[in-house]
Amino acid sequence: MEPDYDRILADIAQEVRPLLALGAPADYIPALARVPRDRFGMAVRTLEGRIHAVGDADEPFSIQSVSKVFTFILALRSAGDGLWDRIQREPSGDPFNSPILLEQERGIPRNPFINAGALVVADILLEALEDPREELLRFVRARSGSGAVRADPEVAESERSTGHRNAALAHLLKSFGNLRNRVEEVLDFYFFQCSLRMSCRDLAASFLFLANRGLCPVSGERVLEPSPAKRAAALMLTCGTYDAVGDFVYRVGLPAKSGVGGGIAAILPGRLAAAVWSPGLNERGNSLAGTQALELFTTKTGMSIF
């Protein structure tokens, strides 16, 4: 029997409310520091097309590193397995913006979902796509079925003005020969992708193709063949929530990707995609209330990949 998603989401929203005041927004990005901490939204979309939402699920927010899944998919479609000549497929065990492993491993990032890996992905797209920004927007809009997806110039500029560590990572990658375009061009595209704004409702819809073996139920397009779709979900499981991935998988049990804007997108293969947003972060950069909400969701529904 199908769970009563509406009741479950309402219960979750009530239970996580005390956590909203405890997390800290990503104040090193000034535009994100101004987002009220009392926001909470969650949406679930099933493969059959049913949508369930609660709270601020229709309010757009900066998806930040959740965008790395979209750019990774585009790069995988463009470069195929050649992508793995420049990026590994291992959890980092270090913070998402750490340069330590990048130096030790001579410019080959551990995975595409840490910042260094996403910068290499951005470099690949700058070479492979005629208009990378427009093609990224077109891709995400097609997956979500919403023309409301857009980039936020204020957020992109805020990141550009304070993104010294990302610039350091890009220059380090360039020094090892793992960026082929100009550092400034790679950074500009990276800040653009991180500035994408979506609602929980649209974000959940945009991840459905990964819950459906690569076939997008929204557009009817086959985005990936089943095997690479499986591998993308595996990378989300092992690398999608920064250096808290072990704890996240233990608590939640779903492949997911988080962002420092407070969003998390997760999938249950063969069933659904879920998105949650709460801007207060824990010490690892994941949404505090959002992580708890997803843990409650898998507990209350009895559904996870385990």
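Exactly one residue out of ARG201, ARG180 is in contact with a strand residue (DSSP E or B) (Cβ under 6 Å, 6 or more places away or on another chain) and either over 21 Å from VAL140 (Cα atoms) or touching a residue at least 60 places away in the same chain (Cβ under 8 Å) (or both), and it is ARG201.
Against the condition over 20 Å from CYS239 (Cα atoms), surrounded by 17 or more Cβ atoms within 10 Å (Cβ to Cβ) and modelled with pLDDT of 95 or more, how does VAL121 come out, does it pass? No: the conditions fail for VAL121. Out of the range 4-31, which residues are at pLDDT below 95 and either in contact with a His (Cβ under 6 Å, 6 or more places away or on another chain) or farther than 18 Å from ASN286 by Cβ (or both)? Selection gives PRO30, ALA31. Scanning the range 158-190 for residues that are part of a helix (DSSP H, G or I) and among the charged types (D, E, K, R) turns up GLU159, ARG160, ARG165, LYS174, GLU184, GLU185, ASP188. Taken as a whole, the range 191-213 holds at least one residue that is at pLDDT 95 or above, assigned to a strand (DSSP E or B) and surrounded by 20 or more Cβ atoms within 10 Å (Cβ to Cβ). Look at ARG141 and say whether it is farther than 16 Å from PHE72 by Cβ, charged (D, E, K, R), under 16 Å from the mean Cα position of the chain (by Cα) and modelled with pLDDT of 95 or more. Yes; evaluated as a whole, the condition is true for this residue.
So which of ILE124, ILE108 is of a type in the set (Val, Ile, Thr), touching a residue at least 12 places away in the same chain (Cβ under 8 Å) and in a helix (DSSP H, G or I)? Explain how you work it out, then say what you get.
Details: ILE108 fails: in a helix (DSSP H, G or I).
Being of a type in the set (Val, Ile, Thr), touching a residue at least 12 places away in the same chain (Cβ under 8 Å) and in a helix (DSSP H, G or I) holds for just one of ILE124, ILE108, which is ILE124.
Out of all the residues in the range 85-99, is one or more closer than 27 Å to ARG271 by Cβ and either assigned to a helix (DSSP H, G or I) or not acidic (Asp, Glu) (or both)? Yes - at least one qualifying residue is present in the range 85-99. Restricting attention to the range 152-167, the residues being hydrophobic (A, V, I, L, M, F, W, C) and surrounded by 19 or more Cβ atoms within 10 Å (Cβ to Cβ) number 2. Against the conditions (1) modelled with pLDDT under 95; (2) closer than 27 Å to LEU172 by Cα; (3) basic (Lys, Arg), ARG34 satisfies every one except (2).
Out of ALA234, ALA170, one residue alone is among the small types (Gly, Ala, Ser), buried (at least 23 other Cβ atoms within 10 Å of the Cβ) and touching a residue at least 12 places away in the same chain (Cβ under 8 Å). It is ALA170.
Only a single criterion out of (1) free of Cβ contacts under 8 Å to residues at least 60 places away in the same chain; (2) closer than 26 Å to GLU225 by Cβ; (3) hydrophobic (A, V, I, L, M, F, W, C) is not satisfied by ALA116, namely (2).
Yes or no, residue by residue, for (1) touching a residue at least 60 places away in the same chain (Cβ under 8 Å); (2) out of contact with any Lys or Arg (no Cβ under 8 Å at 6 or more places or on another chain); (3) closer than 23 Å to SER195 by Cβ:
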{"position": "SER258", "(1), (2), (3)": "yes, yes, yes"}
{"position": "ALA265", "(1), (2), (3)": "yes, no, yes"}
{"position": "VAL276", "(1), (2), (3)": "yes, yes, yes"}
{"position": "GLU283", "(1), (2), (3)": "no, yes, no"}
{"position": "THR299", "(1), (2), (3)": "no, yes, no"}
{"position": "ILE305", "(1), (2), (3)": "yes, yes, no"}
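The values are calculated or read from the model by the stated rules, or taken from the named source; none is laboratory data. Note that the coordinates shown come from a computational prediction; the quantities given were computed from them, not determined experimentally. Cβ coordinates were reconstructed from backbone atoms using ideal geometry, including for glycine residues, and neighbour counts include every protein chain displayed.
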